[in-house]
Each structure stands twice: as structure tokens, then as C-alpha cells.
1. Quantify, in whole percent, the carbon and sulfur part of the accessible surface of the stretch 1-63 (1.4 Å probe; protein heavy atoms only).
2. Could you give the accessible area per residue of the stretch 268-356, probe 1.4 Å, as a whole number in Å²?
3. Would you tally the net charge around Ser218, using a Cβ to Cβ cut-off of less than 13 Å, leaving Ser218 out, and scoring K and R as +1, D and E as -1?
4. Which peptide among 96-103, 79-86 comes first, and what is the full order, when sorted by highest mean count of other Cβ atoms within 10 Å?
5. Helix 357-367 versus the longest principal axis of the chain: what is the Cα-based angle in degrees, 0 to 90, to the nearest 10?
6. Work out how much length Glu347 to Ala197 would gain on full extension: take 0.36 nm times their residue separation and subtract the Cα-Cα distance, in nm to one decimal.
7. Could you give the length gained on full extension between Ser161 and Gln369, defined as 0.36 nm per residue of separation minus the Cα-Cα distance, in nm?
8. For Ala324 and Asp40, what is the calculated FRET efficiency with R₀ set at 35 Å and r taken between the beta-carbons, to the nearest 0.05?
Amino acid sequence: ADERNPGFPVFVADSANSATSIATGAVTSMGRIATSAGEDKDLETILEQAAAAGLRTGLVTTVAVAGGTPAAFASHVANRGCVVPAAMDSPRCRADAVAAGGPGSIAEQMVSGKVDVMLGGGAKYFDHKQSADDRSVTELARSNGFAVIRTPAELAVVKPSGKVLGLFAEGLMPARLIGENDRIAERITGADSEYPAPMHCVANPEFAGVPTLAEMTSRAIRLLENPKGFFLMVESGSIDKQSHVRRPCGALGEVEQLDEAVATALKFAEENGNTLIIVTADHGHSAQIIPAFNWFSNIGFHYSPGHYARLYTADGGVMGVAYATTTYPKGETHTGVHVPVFANAAEGVELPTHLTQPELFGIFRRYLQLD
């Protein structure tokens, strides 16, 4: 929805408003975190409803724990930029500030709300001093019963009782893969330009120091297990972040991470039953697979617009990946394509062949018997 005219549609989402639709069942404007367009009312989330019914709750991500998608399940602000206490003096955040009687920044809300387990990056957002006193948000988390951990070793041994805040990177967690020699997609500027030479995707050395998405997912499930059940949102958030900066190897490595996390969840569901797993995306993105060799060079069209990369694939082929949503030097934008929705064969759940993001909220509610 358009912020100035909530009844007017906008056809390309950001993570904040699309995650809000999934988490609350409501359509809102870009940038909003579980708040309504126009009226700026807080929208109760599926995570909050699950917690009220006695379920344990968790959020896992490869980006910042206080980023747009996880935040939309566990906080309420007018804009996703209201992440840390210092941001609450800005006009777009002021109404939600503690000083104005509001709930505070995203980071403050997330350690004071209904989430039991949060794992991901974004430690720098929790190291800020909170609004009420000189303690950091991390210290506020500890006073609210969170065990705050920073390493894979600590994650492996943390106790399954109580609350856990795992912060494994200052900002985004490192991507699993990078282009060889740190190559990314390249701009092709003229008909005489040659396509970039194909490149291999190689292991990112920085990735070795953080837990994988599958490891975080597995540990979160064990930490959340209880007789009443649990709600867990897992995000391979750097599929988006790597696409923004035209890093096809990074995005593919994060898709691989998502695939492994889904396999982890499916194994749990097969062993325990009574578990619904839904896999989807919040929006489309710029990267698209196109021919690795130009089909039309024989009639005078020699190059792809925008930025382009060619990747060697595991089966010995070459994949072409193009980015052409903008000429902005630093990044690409989202797209308005339909996104897939997959689900396991959970008893009593049958997804329609086409549905909107707010309808997912109703599916969650019915399966968790919150209606």
C-alpha cells in the first residue's frame, strides 16, 4: 500500500511490509514493521499470538536479528530504520520512542517481547545504549532472562531452558560463497564488449567462523521444543543482500544454506510429526538466469544490458546471471514477480495453487489452533 494513500496499491514490496503481511495478515506500506498504513496502529503478529497461547517462539536469520523480516514478527514501529535507540529521535521514529510513551526501538522491543530464541547477525544494533538508561540493549536482554552468546561453541552448549540471543556477526553474517578473486557481475557497456569470462564460486574464508543456517535452525528447534509446540521463522536473508550488490555466487551459496535448513526442518517433522513447514520468499529480486551465450549476436545485438556474470556450475556447464533493474552503481532493486510457496505434507493443510501473503497468516493460525 502507498503510505499517503493506503488504498492505492504498490506492486513491488520491501522486506518490512511483505514480512508484515505474512506475520500479521494485513497489507501495509513499504518500510513499516507490524504497523498499519495511515493509522499507524500496531498489528498483532503470529509470533505474539503463538506466545500468548503458550508456544515457544524463535527467529533465525543470516542477516541482522533486528533486520526487516525478523523484526516484523516481534516488534512494531513506523519504519524499519528505527532499529536502535539513537534512531528514535528522527521524525519517522519519534512516535514510537520510549520518551513519547512508545515501545522503543526494534532492538529494544525484540529483547523485551515474546521471542524465546533469536539467532543471527547484527550484534552492533544491540550494543547501543537503550533509551531508558545507560545500559546497552544487550544488557537489557540479559536482565530480561536472555543468555547472550557470540560463538558457534557457545551455541552448541547453551541450555534448552530459558531465552537465547545469539549474535554471531557485527552486521550481516558472511556469505558462504564468493566469486573467485572476489569477482561480481560486471557492466557491459557497448556492442564490441566481450562478455565476462566465466568464474568459479569458491568458499568464503570469513564464513568458517560462523554457524551455518542449518546449524542455527537445528539448535533453535531443540531449544524451542516443548509439549505445547513452537513457532519458528527461519530466513536465509543474504539471498536478498547478495542480490542487491550483484554477487551471484553469494546468493547461490545462501540458497544452498536455505536448502540445508529446510532439510533440517523436514527431518524433524518426519521424526516428530505434527509439524507444518512453509517455505516462501517475501519478494522477487533482480538476478535472473539468462543464456550464457548471446543468442542474437548474429543479427547485431551483442550484449546484455546492466551487469552480467557467467558461472561455472557443478555439472560442468556455464550459467548466465543478469542484473538490469537500475544503473545505480552500488546495487539492484526488488521485482514484483510472484514468489513460490512450498509446504510439507502436514495433516489437515492443503495450500491453494495461488494465494496472497496475508493468507499465510491464516494458515499459520489454523494449524496452531489459534482461531
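1. Numbers: 1310 of 2380 Å².
Answer for the stretch 1-63: carbon and sulfur cover 55 percent of the accessible area.
2. Numbers: 5660 Å² over 89 residues.
That works out to 64 Å² for each residue.
3. Values: positive: Arg219, Arg222, Lys267; negative: Glu215, Glu225, Glu260, Glu271.
Neighbourhood net charge equals -1.
4. Working: 96-103: 16.1, 79-86: 22.6.
Ranked by mean Cβ neighbours within 10 Å, highest first: 79-86, 96-103.
5. Here the helix axis deviates by roughly 50 degrees.
6. Details: separation 150, 0.36 × 150 = 54.00 nm, distance 4.93 nm.
49.1 nm is the gain from fully extending Glu347 to Ala197.
7. Difference between extended and current length: 72.4 nm.
8. Working: r = 36 Å, r/R0 = 1.03.
E between Ala324 and Asp40, to the nearest 0.05, is 0.45.
The values are calculated or read from the model by the stated rules, or taken from the named source; none is laboratory data. Just so you know, these numbers come straight off a predicted model, no measurement behind them. Positions of Cβ are generated from backbone atoms using ideal geometry, with glycine treated the same way; all protein chains shown enter the neighbour counts. Quick note on the areas: whole protein, heavy atoms, side chains included, nothing else; ligands and nucleic acids left out. Shrake-Rupley method; radii C 1.70, N 1.55, O 1.52, S 1.80 Å.
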